[in-house]
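Worksheet: one structure, shown below.
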Amino acid sequence: MTGTTVAEVMAELAGLEDPKVRQVNERHGDDHGVNLGKLRALAKRLKTQQELARRLWETDDTAAKLLATLVCRPKAFERDELDTMLRTARTPKAHDWLVNYVVKKSPHSEELRQAWFADPDPVVASAGWALTTERVAKKPEGLDLESLLDVIEADMKDAPDRLQWAMNHCLAQIGIDHPEHRARAIDIGEQLQVLKDYPTPPGCTSPFAPAWISEMVRRRHDKPGA
């Protein structure tokens with residue numbers, strides 16, 4: 001399906017709209033009604049189409065933005081282009097998919113991480129924290145983990161929801177991956193009590209950092225050959 005037009009794709013997305021799916025998504029701030037499995041199947045048919053992805057992102061439609069992250073070529077975006085895209089993501093899912101599927105694969109990811117980390121917009125800052133968490137897990141060299149813990153200890157309790165969630169994930173990742181900082185990470189979590197009462201389905205790991213850290217460390221310890 002190369003050379004597909006935006007109008008053709010939008011018509012197909014409209015045909016996939018399901019009111020029940022929309023109702024569920026809207027509870028989480030995502031204003032679209034397309035089943036994500038069907039969205040991924042459409043992306044597979046479209047294959048990579050960079051210019052189509054750009055045009056889809058420019059629409060005001062969340063499903064189209066999600067599709068854009070699946071059919072784009074992440075390394076083809078310029079740094080400022082990605083910055084603009086993040087600021088126009090609008091919904092949590094579009095924001096998360098852009099960061100995880102596009103920005104993390106971009107050669108500009110580290111520059112954007114540093115720029116977004118201290119952005120006055122808490123939603124933009126949450127993307128900087130998400131990219132920092134990625135580095136904590138995969139490439140911690142050069143990060144000052146003690147300073148990150150200082151900022152989390154000082155600011156996470158009163159941070160807006162999206163930013164708080166991202167900071168909490170970073171706190172947990174530091175505790176999980178860096179034994180030398182584990183006791184302090186757990187202590188900060190216990191002290192701040194952020195997400196302690198978050199409703200967690202049976203069989204799922206609580207996002208409360210001390211519980212999250214302990215569970216993931218236990219799983220790694222229990223792995224054969226650990």
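When L148, L195 are screened for being at positive phi and either touching a Pro at 6+ places or on another chain (Cβ under 6 Å) or in a helix (DSSP H, G or I) (or both), only L195 passes.
For the stretch 182-195, state whether one or more residues are touching a Ser or Thr at 6+ places or on another chain (Cβ under 6 Å) and open to solvent by 40 Å² or more (accessible area, probe 1.4 Å). For the stretch 182-195, residues touching a Ser or Thr at 6+ places or on another chain (Cβ under 6 Å) and open to solvent by 40 Å² or more (accessible area, probe 1.4 Å): absent. Taken over the stretch 114-136, the criterion of being open to solvent by 50 Å² or more (accessible area, probe 1.4 Å) and either modelled with pLDDT under 95 or in contact with a helix residue (DSSP H, G or I) (Cβ under 8 Å, 6 or more places away or on another chain) (or both) is satisfied by Q114, F117, A118, D121, V123, E134. Among the residues in the stretch 100-119, are any of a type in the set (D, E) and under 11 Å from the mean Cα position of the chain (by Cα)? So far as the stretch 100-119 goes, no, none of its residues is of a type in the set (D, E) and under 11 Å from the mean Cα position of the chain (by Cα).
Among the residues here, S206 does not qualify as free of Cβ contacts under 8 Å to residues at least 12 places away in the same chain, in a helix (DSSP H, G or I), small (G, A, S) and farther than 17 Å from S126 by Cβ. Given the structure, is E180 free of Cβ contacts under 8 Å to residues at least 12 places away in the same chain, assigned to a helix (DSSP H, G or I), among the acidic types (D, E) and over 23 Å from L86 (Cα atoms)? Here the answer is yes, as E180 does meet what is asked. Here are some conditions: (1) over 18 Å from the mean Cα position of the chain (by Cα); (2) under 23 Å from L131 (Cβ atoms). T88 meets all but one. Which one does it not meet? Result: T88 fails condition (1) only.
The values are calculated or read from the model by the stated rules, or taken from the named source; none is laboratory data. Treat the numbers as computed from the prediction; the structure is a model and nothing was measured. Here the Cβ is made from the backbone with ideal geometry for all residues, glycine too, and neighbour counts use every protein chain on show. Heads up: the accessible areas ignore ligands, DNA and RNA and are worked out on the full protein's heavy atoms, side chains in. Shrake-Rupley method; radii C 1.70, N 1.55, O 1.52, S 1.80 Å.
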